[in-house]
Amino acid sequence: MDYLGQMQHTFHALENIKPRSFANDFAGVAITEEDGVTVENSRFRTKIRPGRQTTVVFKYDNGHEIEGRAVSTAGRDTNVKISRNVSALGPVRDIQVVGREDPTPADTARTKFLLGFLHGSLDIEESEFIRQIYFPTKDDKAVAQRNRSPPSRGALFGAIDPRLNNAQASAARALLSPDSHEMVLVQGPPGTGKTRTIAAVIKAWEAYSMPAWVVAQSNVGVKRIAETLLEHQCKFLLIVSKEFHFGWHEHLYLEMEEHVIRTDELPEDLVAMERLLSDNLVILCTIDTLSNPTLHERHVFDLIPVERIVIDEASQIYVGAYVHILHSFRRTLQKICWFGDPKQLPPYGKESIDGLLSIFEVKHLRPGVYFLDTQYRMPEKIGNFISHNVYDSKLKSVHTIKDHSCVAFVDVDTGHEIQQGRSWANQAEIQVLVHLVGSYYRHADFCVITPYDAQRATIESTFKANNLPWEDRIFNVDSFQGNEAPIVLISIVRTTAAGFLKLMNRVNVMLTRCKTAMVILSSRRFLRETNASNTLIGLLAEEWEMHQPHTWIDWRRVAQGSVNLPGRLAPKPISAPTPVVVPRVQPSDVKQITKLLQSNLMIAPAPPRPPPVQVEGAAFPALASARSTKPRVALGVWSDPRGMGRVKGTALEQGHKEEHTIRNNATGSRGKKKAAK
């Protein structure tokens, strides 16, 4: 009873720390009738949703404010009833949504469970899993120790993918064990193959016609697992909400369209549902969708019982969020497996609420955690740094890039942080990003990550204004865990106080996304002379300075295109810089941004991509023809007035390997020499 009271208090505190208002990102507002408008939302996260406790506030350029209430939504459009005719008020400047949003299906299910318990109609002791996790006896606490003992062998072991490494195979055997391993916790640091291990287990269960459910905290996490299951040729059905899919994210599921169904498309007829699920024993969805009453009403749980459940991103989920799920499936659930990493993103609100734990922080369960000990994503030096500073040197790295050439810091010494609401932005770093992408990485597989949502939004609008790739390229840290990219560009934003950088878990996520190269924009003085020097990113800069003399690059050289960067040679310099296009900003920011732009921040836009040198079967970026910039090769190391790098095993070489391939069979020996030049 005490624990359930504490749990309810935690959920109440979580609700209270949610912002009571947010700015809507909109593409347009159309008047549909005298008392109605349609808002075209441009960002899913700030979409206007119908709600009984929310008010939509329209702010106009002439100072007028009109209130309304969202009544319906379809894809990107939200219909809002307003209090008066607004046709004469002109264009809308801002839209604010004020109030509490309606509860989610998970919120409703949890409230129903707690009320049932308080009224005496539910007995939580019916579920062994609830007892073992929340109210453990002395015998229950021994479960964790037993779970680390070698599992008994069974027929399923023969179905384990032989390509798994020792740590992955050990975790997979625990999941597949026929006895005594009811609960399995697997910690997977970045790039250690959590989804690959999950896919191997699902494949083994599928081989023996054993149903399983795989859930994650986010839709992106579920999609990532689905992609891995496709690679392993597993049969599955992914259930996604209409709100997330329709009008917003259909493009994410094109490659798996035949495996995807929306919640509103689930057939009501039992026979039709049986036909739909007849060839699928594996169901994927978010943990919130698992609580959607539609799945009960359409007999999904009757046809595919929840006997085995794998929960990914479990380190981002408050441990109390499982109680109503474990009770709902108490009669069928046989095994539950959690995958996550407590060293990455924590549950929402952890920094503000004491005692908010994930399953990995439950004391009596910690001894039973399996640790995936080898990462394959990051270049070796980055992996070793993260291992030493975050994972007590327990994480091994396997990668083809083995030197420090994979990371560069750009010194944006003219940058200043500007507060925008509860967030922060840095216009100077945004303009340098324009040059980085325009001059170096426009045609590469890159992403931009920043800690602050105001910076993310401004980067996105600036990239649009300068005709640079922006869709599915620009993220804040919290939305990018679990993802990766060959080249990662990071905008730190802050210049006076460490702020976000003090949160090691989130900085760990930010620094562990790259597969070949990483470029970090910040102030050298800031990372050296302030409290930021003691943060994870400050330590990274210090270590790279010790091993690589050209770690820091002046932003002016980037703007000129006169320096080599990880994965890319310097482009041909340009002679006449012109200003970067800066999109419209809020009136409150104009004075600050104008002041910045007048202090030598009007820097050159990205020069055009140099014309390629045509070689049979290949295309390389053209180098400047001036004698002073011609590379010289000696003893396997090339030097260049514009930068330094190695010929083999470097991020520079890796970047060109990804973008350009030479068909040596077609060119012959002369072609090979010509291509090498």
Fill in the blank from the handout: Just one listed residue, out of 407, 448, 412, 488, is without any contact (Cβ under 8 Å) to a residue 60 or more places away in the chain, closer than 21 Å to residue 556 by Cα, in contact with a Ser or Thr (Cβ under 8 Å, 6 or more places away or on another chain) and not small (Gly, Ala, Ser), and it is 448
Problem - Residues of the range 70-91 satisfying the condition of being more than 32 Å from the chain's Cα centre (by Cα) and assigned to a strand (DSSP E or B) - result: 81, 82
Exercise for the section: With the condition kept exactly as written, say whether any residue in the range 105-128 is modelled with pLDDT under 75 and of a type in the set (Lys, Arg). Expected result: no
Practice task
Could you list, in sequence order, all residues of the range 450-473 that are buried (at least 24 other Cβ atoms within 10 Å of the Cβ) and of a type in the set (A, V, I, L, M, F, W, C)?
Solution key: 459
Problem - Selection count, the range 53-77, where residues are of a type in the set (Lys, Arg) and within 28 Å of residue 241 (Cα to Cα) - result: 2
Practice task
Restrict the check to the range 256-263 and report whether at least one residue is surrounded by 16 or more Cβ atoms within 10 Å (Cβ to Cβ), touching a residue at least 60 places away in the same chain (Cβ under 8 Å), in the same structural domain as residue 223 (by TED's automatic domain parsing) and over 19 Å from residue 235 (Cβ atoms).
Solution key: no
Practice task
Go through the range 6-31 and give me each residue that's out of contact with any helix residue (DSSP H, G or I) (no Cβ under 8 Å at 6 or more places or on another chain), among the aliphatic types (A, V, I, L, M) and part of a strand (DSSP E or B).
Solution key: 27, 29, 30, 31
Exercise for the section: Only residues that are assigned to a helix (DSSP H, G or I), surrounded by 14 or more Cβ atoms within 10 Å (Cβ to Cβ) and not acidic (Asp, Glu): list them for the range 113-130, please. Expected result: 113, 114, 116, 117, 124, 129, 130
Problem - Test: residue 204 is touching a Cys at 6+ places or on another chain (Cβ under 7 Å), under 18 Å from residue 169 (Cβ atoms), part of a helix (DSSP H, G or I) and not basic (Lys, Arg) - result: no
Exercise for the section: Quickly run through the range 264-314 and pick out the residues that are surrounded by 15 or more Cβ atoms within 10 Å (Cβ to Cβ) and polar (S, T, N, Q). Expected result: 280, 286, 289, 291, 292, 294
Completion exercise
The lone condition residue 430 fails out of (1) touching a strand residue (DSSP E or B) at 6+ places or on another chain (Cβ under 9 Å); (2) part of a loop (DSSP other than H, G, I, E, B) is (2)
Handout entry: Test result for residue 98, touching a Pro at 6+ places or on another chain (Cβ under 7 Å), surrounded by fewer than 15 Cβ atoms within 10 Å (Cβ to Cβ) and aliphatic (A, V, I, L, M)
Key = no
Practice task
Only residues that are surrounded by fewer than 24 Cβ atoms within 10 Å (Cβ to Cβ), of a type in the set (S, T, N, Q) and at negative phi: list them for the range 370-421, please.
Solution key: 374, 384, 387, 389, 397, 400, 414, 419, 420
Fill in the blank from the handout: Per the filter on the range 510-548, residues without any contact (Cβ under 8 Å) to a residue 12 or more places away in the chain and over 21 Å from residue 388 (Cβ atoms) are 529
Completion exercise
Over the range 1-23, the set of residues farther than 17 Å from residue 102 by Cα and in contact (Cβ under 8 Å) with a residue 12 or more places away in the chain is 3, 4, 6, 7, 8, 10, 23
Exercise for the section: Would you check if there is a residue in the range 488-498 being more than 23 Å from residue 42 (Cα to Cα), charged (D, E, K, R) and modelled with pLDDT under 95? Expected result: no
Exercise for the section: Select from the range 207-240 the residues that are farther than 17 Å from residue 307 by Cα and either without any contact (Cβ under 8 Å) to a residue 24 or more places away in the chain or in a loop (DSSP other than H, G, I, E, B) (or both) and list them in ascending order. Expected result: 217, 218, 232, 233, 234, 235
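The values are calculated or read from the model by the stated rules, or taken from the named source; none is laboratory data. In this text, all values refer to a predicted model and were calculated from it rather than measured experimentally. FYI the Cβ positions are ideal-geometry reconstructions off the backbone, even for glycines, and counts take in every protein chain you see.
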